[in-house]
1. Condition (residue is of a type outside the set (V, I, T), in a helix (DSSP H, G or I) and within 14 Å of A153 (Cα to Cα)) applied to the stretch 56-69: is it met by at least one residue?
2. Hey, could you check the stretch 174-192 for residues that are surrounded by 11 or more Cβ atoms within 10 Å (Cβ to Cβ) and out of contact with any Leu (no Cβ under 9 Å at 6 or more places or on another chain) and say which is nearest to R69 (Cα to Cα)?
3. Restricting attention to the stretch 11-23, report how many residues are surrounded by 15 or more Cβ atoms within 10 Å (Cβ to Cβ), closer than 16 Å to L73 by Cα and either free of Cβ contacts under 8 Å to residues at least 40 places away in the same chain or touching a strand residue (DSSP E or B) at 6+ places or on another chain (Cβ under 9 Å) (or both).
4. So which residues in the stretch 43-82 are among the charged types (D, E, K, R), under 30 Å from T167 (Cα atoms) and surrounded by fewer than 16 Cβ atoms within 10 Å (Cβ to Cβ)?
5. Looking at the stretch 151-173, which of the residues that are touching a residue at least 40 places away in the same chain (Cβ under 8 Å) and among the β-branched types (V, I, T) is surrounded by the fewest Cβ atoms within 10 Å (Cβ to Cβ)?
6. Restricted to the stretch 36-55, and to residues that are outside any loop (DSSP other than H, G, I, E, B) and of a type in the set (A, V, I, L, M), which residue is farthest from P208 (Cα to Cα)?
7. Restricting to the stretch 67-87, name every residue that is closer than 15 Å to V26 by Cβ and aliphatic (A, V, I, L, M).
8. Kindly indicate the residue of the stretch 175-219 that is in contact (Cβ under 8 Å) with a residue 40 or more places away in the chain and of a type in the set (A, V, I, L, M) and also farthest from L74 (Cα to Cα) among those meeting that condition.
Amino acid sequence: MSDGFVGYRSALVEALQRKGVRDMAVLRAIATVPRHQFVPEHIRHRAYEDEALPIGNGQTISQPFVQARSCELLQLTGRERVLEIGTGSGYQTALLSMLAESVFSIERVPELARRAHETLRALGDYENVSVMHADGTLGWKPNAPYDAIVVAAASPSVPRPLVEQLTVGGRMVIPVGSQDAQVLTLVTRDADGTGYREEPIHDVRFVPLLGEFGFTPQD
C-alpha cells in the first residue's frame, strides 16, 4: 500500500515486536491497515504513535500495543466468528477483519458507529464486517455463538451475556476493574460450557463499558 505512511507502519510493527508481540498475522495486519484513516484529520500525523488518541464523543482509539496484544491473545486462525464490543473508530475492527472469517461489531455511540461503518466501507477491504449501534454488554445474540470476543472498554466484571455467547473453549479479551484502573483479562469458556476461567494479563486503562451489564452513567 503506497499512501505515504508505509514507513510509519513498519516502524510501529518494529516497536510492537520489541514490546513482545510475536503473532505474525497480527503484525501483518498492523503493517497493512491504514490507521491514519481511522483518526481525526487534525491528528493524523500522530496516527502511528504507540499511544491512545481521541476520536471524539469522549472516546479514544486504543494504544496499538494493547490492540495487537488483544488480537494475539484471541489466537485467531482466519476461520473464526468474532464479536467486538466497542467499534470506536473501526481500526481494531479492520484488524480483526484480516484475522478472522467474520466480524460483528457493536458500538454504543451512534455517531461513532456510523462513522466507523462509513470508513470501513470507503476503504473497501473489509467486506466481512457488520457494525451495529446497540448496548454491547448484551452481545449480538442472533449471530452467536462466537469463537472469540474482544471488548474495547472497561467492565466491572465479565458480562454474563457475552460468556453465554462464546463457543465452548472460546476466548474473550476484556479489561476488568474499576473506572480508574483495570486488568486486561483473558476469559476462556470451560469445556463443559457451564463456567469460565479468567487469566489476568497486564494493567490497562480504558474508557468505561456502559450498559445493562457494565457501568451505568451514574457510576
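The values are calculated or read from the model by the stated rules, or taken from the named source; none is laboratory data. Bear in mind the structure is a predicted one, so any value in this text is a computation, not a measurement. Ideal geometry is used to build each Cβ from the backbone, glycine not excepted, and the neighbour counts take in all protein chains shown.
1. To start, the set of residues in the stretch 56-69 that are of a type outside the set (V, I, T) comprises 56-59, 62-65, 67-69.
When the remaining residues are screened for being in a helix (DSSP H, G or I), the result is 64-65, 67-69.
From what is left, the residues that are within 14 Å of A153 (Cα to Cα) are 67.
Yes: the stretch 56-69 contains one or more residues that are of a type outside the set (V, I, T), in a helix (DSSP H, G or I) and within 14 Å of A153 (Cα to Cα).
2. Narrowing the stretch 174-192 to residues surrounded by 11 or more Cβ atoms within 10 Å (Cβ to Cβ): 174-179, 181-190.
Next cut, out of contact with any Leu (no Cβ under 9 Å at 6 or more places or on another chain) only: 177-179, 181-183, 185, 190.
Numbers: G177: 18, S178: 21, Q179: 21, A181: 18, Q182: 15, V183: 13, T185: 11, D190: 22 Å.
Top of the filtered list is T185.
3. Of the residues in the stretch 11-23, 0 are surrounded by 15 or more Cβ atoms within 10 Å (Cβ to Cβ), closer than 16 Å to L73 by Cα and either free of Cβ contacts under 8 Å to residues at least 40 places away in the same chain or touching a strand residue (DSSP E or B) at 6+ places or on another chain (Cβ under 9 Å) (or both).
4. Answer for the stretch 43-82, where residues must be among the charged types (D, E, K, R), under 30 Å from T167 (Cα atoms) and surrounded by fewer than 16 Cβ atoms within 10 Å (Cβ to Cβ): just R79.
5. Within the stretch 151-173, the match that is surrounded by the fewest Cβ atoms within 10 Å (Cβ to Cβ) is V158.
6. Just the residues of the stretch 36-55 that are outside any loop (DSSP other than H, G, I, E, B), to begin with: 36-38, 41-46, 53-55.
Add one more test, that the residue is of a type in the set (A, V, I, L, M), and what stays is 43, 53, 55.
Working: I43: 23, L53: 16, I55: 15 Å.
Out of the qualifying residues, it is I43.
7. Listed by number, the residues that qualify are A68, L73, L74, L76, V82.
8. My answer is L210.
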